[in-house]
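Here the structure is laid out as structure tokens; the discussion comes afterwards.
The values are calculated or read from the model by the stated rules, or taken from the named source; none is laboratory data. Keep in mind that this is a model prediction, so the values were computed, not measured. Cβ placement follows ideal geometry from the backbone for every residue including glycine, while neighbour counts extend to all protein chains displayed. Ligands, DNA and RNA are stripped out before the accessible areas are found, and what is left, the full protein with its side chains, is counted by its heavy atoms. Shrake-Rupley method; radii C 1.70, N 1.55, O 1.52, S 1.80 Å.
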Amino acid sequence: MSDSALLDFSADDTRAGFRLRRMEVYNWGTFDRRVWTIPANGRNTLLTGDIGSGKSTLVDAITTLLVPANRVTYNKAAGAEFRERDLKSYVLGYYKSERGEAGTSGKPVSLRDRHSYSVILGVFHNEGFDQTVTLAQVFHQKEQHGQPARFYVVADDDLSIVEHFSGFGQDLTQLRKNLRGHPAIESVYDSFPAYGAAFRRRFGLGSEQALELFHQTVSMKTVGNLTGFVREHMLEAFDVSPRIEALIHHFDDLSRAHEAVLRAKDQIFRLEPLVERLDAHESSVSRRDHWLYCRGGLRTHFAALKHALLDTRLANIASDRERSQSRYDLHSTELSQQRGERDSLKQAIAENGGDRIEQLRSERTRTEAERDRTLERWERYDALCQKLGIDTPTGADACARTRQEADNRLADSDRKGDSLQGTRSEAEFAFRQLREEHARLTTEIDSLQGRDSNIDSSQLALRRQLCDATGIDDARLAFAGELISVRDEFRDWEGAIERVLRSFGLSLLVPADLYTQVSEWVERTHLRGRLVYYRVSDHIEYEGSDADAGSLVNRLAIRADHELANWVEHEIRRRFDFLCADSMDEFRRASRAITRSGQIKGSQSRHEKDDRHR
């Protein structure tokens, strides 16, 4: 088959575009307890029957599929001039009225209770492009009073009520899960605008005007003024005045933005020299503190060197003393021998009458030596007392008291020495800790200077390890903090906001298609740290809600170019809707609030302020 034949459209123009192939209803009006089908097959279809047989009911089903509920006038095909029917009457199956026991006004009688559900389904087919689109709505009555709840389905395939909208039990939540899992269903909608935009895009309808025209012409019996009808329902009004005003306001906004940019550039240019000088000043202060610290440690360093030298000198003196003692002992032995010989000679002299002179001379020599030794010891003792500031004792009792006082001082000195040694050990330990902290902070600062975010380097290294092991691109595994920044106009709130969002900002965001790889790697790996990660599903619907103008949410900017930006914005709106209170009165009145100084009010009772870090 040639390429030109593949692009040929249907030769039959009477069936061009999307046309109704099949209409199905279940529990709609009086069509009860089974699926009722209209096989239109894309052609003009004539719907006939007796009065009350349900023709208008089926027409209203088609209208409900294509027109918003607030625009539908039910039973219009039967010539109704007011709302004699509504959506609830079709879902519950009102078929007659009966009077109460007291003869009051009629009460409608239904075929079904509020525990049942209803489905209307239309299958549309475009033969020219061989495309099929199925529109469906599911209704259920949540409460006894009020209109039924519903959800909407748009599928790019031929669905049916029997195969795709049954067999799920009594829980409609299971039906939603089954429908979301169908490959031809893009989403299950909870509101008509999103549902209408989806099927209009598939049908090629640029605006709602065509559906409005369809609604006006359903079972139309008369047209009073054709010109007015065309002008009102087939032509779109175009008022140029609001667009001109919007253009003027937009130009003014651009002018103010341009002026703000020029002013900011001028401020940055003026502040750059100040920043450079401030950096130089901080560097000089840091160097000064370092040298002051080094100078403070010189005394201890040189004392340790002196102590080692003194120990060496004492060891040398002790060695010299031992050698001298050996020589002294040898000389003493020789002296004793010589004295023995001398004594023998003296004895011989004494025996011959000359011992008395020698005896007196020996006594004199011994007494003078004893005197000299005593005087030397006294002078040394007196000098030591003067150094210690103690009066030199002159008697035995005073000497005993002085000795006791010296012993007490010696004990105090030993205790002070032990205390100083403990203080020195503590100072050395604190110094090592500060040096390790300095090295860690230096590494962290170098890491921060090389990247755009302020996520801890340990967390980034953990993510790098995960990506290297699994082969995942680290751009897809973002930390929540990498997608969040504080708007420039609210920089004075940055510190307080970071305290609130810190734990969430350090959380790793894992898309659903990578969840299996990441969770298995985390399970089998010893992380040597802490990792918090969130699984971000592809099928979660985020319902936006307007936050207060002073909320923390409105002071943040989310990276819109990332695939997980919508999830992050939704989580911030859900978990961190804190009022940024400019005064303590606002802080006390709010249920959840923060102040510029970092005080956090998480509920009416719990408050927190963490000033451990600047």
Can you compute the charge dipole magnitude of segment 316-426 about its Cα centre, using +1 on each Lys and Arg Cβ and -1 on each Asp and Glu Cβ, nothing else charged? Give it in debye, rounded to the nearest 20.
140
Want the number for GLN337 to ARG34: 0.36 nm per residue separation, take away the alpha-carbon distance, what's left?
94.7 nm
Ranking request for peptides 49-61, 328-340, 117-129, 166-178: highest mean number of other beta-carbon atoms within 10 Å first, then the rest in descending order.
117-129, 49-61, 166-178, 328-340
Is there a quick way to get the dipole size of the chain? I mean about its Cα centre, with the Cβ of Lys and Arg at +1 and of Asp and Glu at -1; what is the value in debye to the nearest 20?
1180
Grab the Cα-Cα distance for LYS142 and GLU259, subtract it from 0.36 nm times how many residues apart they are, and report the gain in nm with one decimal.
36.5 nm
As a test, work out the antiparallel percent of DSSP beta bridges whose residues both lie in the chain, rounded to the nearest 5.
90
Checked against the structure, the computed Cα extents along the principal axes in Å among [x] 92, 77, 63; [y] 100, 76, 54; [z] 182, 75, 60 is the one labelled [z]
On the protein heavy atoms, probe 1.4 angstrom, tell me the percent of accessible surface of segment 144-195 carried by carbon and sulfur.
49
Which order do TRP291, TRP28 take when ranked by solvent-accessible area (1.4 Å probe, heavy atoms of all protein chains), largest first?
TRP291, TRP28
Between GLU498 and GLU523, Cβ-based FRET efficiency (R0 30 Å, step 0.05) works out to 0.45
Per-residue accessible area, 1.4 Å probe, largest first, puts PHE302, PHE165, PHE214 in the order PHE302, PHE214, PHE165
When each of LYS306/LYS387; LYS177/LYS609; LYS416/LYS609; LYS55/LYS107; LYS107/LYS142 is checked by Cα-Cα distance, pairs over 32 Å:
LYS177/LYS609; LYS416/LYS609
When only C-alpha pairs under 8 Å and at least 6 residues apart count, what is the relative contact order of the chain, in percent?
6
Calculate the spin-label point distance for THR45 paired with ASP252, positioning each point 7 Å from the Cα along the beta-carbon direction, and give it in nanometres.
5.6
Once PHE192, PHE431 are ranked on solvent-accessible area with the largest value leading and a 1.4 Å probe, the list reads PHE431, PHE192
Kindly provide the helix-only [θ] at 222 nm of the chain, computed as the sum of -39,500 (n - 2.57) over DSSP H runs of four or more divided by all residues, to the nearest 500 deg cm²/dmol?
-17500 deg cm²/dmol
